[in-house]
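Asks: Just passing along the structure, written as structure tokens.
Bear in mind that the values in this text are calculations on the coordinates, not laboratory data. Nothing here was measured: the structure is a model prediction, and the numbers come from that model. Because the Cβ atoms are built from the backbone with ideal geometry, glycine has one as well, and the counts that use them run over all protein chains shown.
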Amino acid sequence: MTKINGEDMKEIVRNGYNLGKYAKYFGRNDKLNNFEKKYFDILVEKLPKNSNILDLGCGTGLPYDLYLADKGHKITGIDLAENHVLTAQKNVKTGTFITGDYTKHKFDNGSFDAVVALYSLFHIPREEHQAVIAMIYDYLRAADALLLITTGVEDTGETEIDYDFCGNVKMAWSGYGADKYIELLESNGFEILKSDNEADFGGGDEQLWILARKI
Ligand SMILES: C[S@@+](CC[C@H](N)C(=O)[O-])C[C@H]1O[C@@H](n2cnc3c(N)ncnc32)[C@H](O)[C@@H]1O
């Protein structure tokens, strides 16, 4: 557990998102932008029909889970913030949404055709990131199963605290630089299919989008 002046990092994250400002502040709606669409088009083309997809840090389910559910896939989403889980369930009626810490909740190994983890890994203490990637590898059904994940580009250190997230929300971040994530994925059994920096995601620092397949 990463403590910041006596506070648990994950509690800061959970409390911050439970204020319910994220989706409105970042304009989360049911549309993918052109950058996102390039990744989701490849993902959808490669997925078997009626795939089981796990979304780690699903937020409100918009736009990603709704997009995938509309293509006929079965979504399981997990999020720390109860508020986001309740909203995701309303937004994506066919999905199953669970409140919990995805580093602790255990899903069955080999039960997903794809895992997505978009803008959530950076809220987990970075010493846990290798274990998260290994966990995702185990959750994926077989070779060729897919992972779509975003990571930071710059090393943000063990923990960074902001007080002006979504205007005035306290939030915690933790992350390595891009090269480290490529190395962690490759050394944990993934092949990178596509990766790009997303310069303008509206949240401050650049993000790295990575689509990878289980070898
Ligand atoms: C920046 S939001 C992104 C939400 C969604 N993926 C999207 O792109 O709209 C980060 C989300 O990850 C969730 N999250 C952060 N750490 C988590 C953890 N350890 N377990 C589950 N959810 C987590 C937060 O509660 C929040 O909803």
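Asks: Any chance you could get the radius of gyration and Dmax over the Cα atoms of the range 8-68, in Å?
Replies: Calculated on Cα positions, Rg and Dmax stand at 14.0, 40 Å.
Asks: I would also like to ask the following. Under a point spin-label approximation (7 Å from Cα along Cα-to-Cβ), what is the residue 3-residue 154 distance to one decimal in nm?
Replies: 3.0 nm
Asks: In whole percent, what relative contact order does the range 93-187 give with Cα contacts below 8 Å and a gap of six or more residues?
Replies: Over the range 93-187, the number comes to 29 percent.
Asks: Compute the orientation-averaged projected area for the chain from the convex hull of its Cα atoms and round it to one decimal in nm².
Replies: 10.3 nm²
Asks: Hey, another quick one. In nanometres, what is the gap between the two model label sites at residue 98 and residue 50, each 7 Å from Cα along Cα-to-Cβ?
Replies: Spacing of the two 7 Å Cα→Cβ label points: 2.2 nm.
Asks: Suppose every K and R has +1 on its Cβ and every D and E has -1 on its Cβ; what is the size of the dipole of the range 1-121 about the Cα centre, in Debye to the nearest 20?
Replies: With only Lys, Arg, Asp and Glu charged at Cβ, the dipole is about 220 debye.
Asks: Suppose R0 equals 25 Å; then what is the FRET efficiency for residue 109 and residue 180 from their Cβ-Cβ distance, rounded to the nearest 0.05?
Replies: 0.50
Asks: Would you mind counting up the charge near residue 166? Only other residues with Cβ under 9 Å from its Cβ, with Lys and Arg at +1 and Asp and Glu at -1.
Replies: +1
Asks: Order by neighbour count: 64, 139, fewest other Cβ atoms within 10 Å first, most last.
Replies: The fewest-first ordering by Cβ neighbours comes to 139, 64.
Asks: While we're looking at this one, here's another question. Would you work out which of 152, 175, 35 lies farthest towards the positive end of the dipole of the chain, given +1 charges on the beta-carbon of Lys and Arg and -1 on that of Asp and Glu, about the Cα centre?
Replies: Checked the options; the winner is 35.
Asks: How high is the relative contact order of the chain, given as a whole-number percent (alpha carbon pairs under 8 Å, six or more residues apart)?
Replies: Across the chain, relative contact order equals 18 percent.
Asks: Can I ask one more? Once you've got the Cα coordinates, tell me which of 49/104; 180/214; 71/180; 46/74; 37/71; 49/180 are over 23 Å apart.
Replies: 49/104; 71/180; 49/180
Asks: With just the Cα atoms defining each centre, how far is the range 73-141 from the range 155-174? Give it in Å.
Replies: If we compute the Cα centre of each part, the gap is 21 Å.
Asks: Which one of 139, 72, 16 has its Cα pushed farthest toward the positive end of the charge dipole of the chain, where Lys and Arg give +1 and Asp and Glu give -1 at the Cβ?
Replies: 72
Asks: Can you pull a Stokes-Einstein diffusion coefficient for the range 136-215 at 20 °C (1.002 mPa s), Rh from Kirkwood over Cα pairs, as a whole number of µm²/s?
Replies: The Stokes-Einstein estimate is 155 µm²/s.
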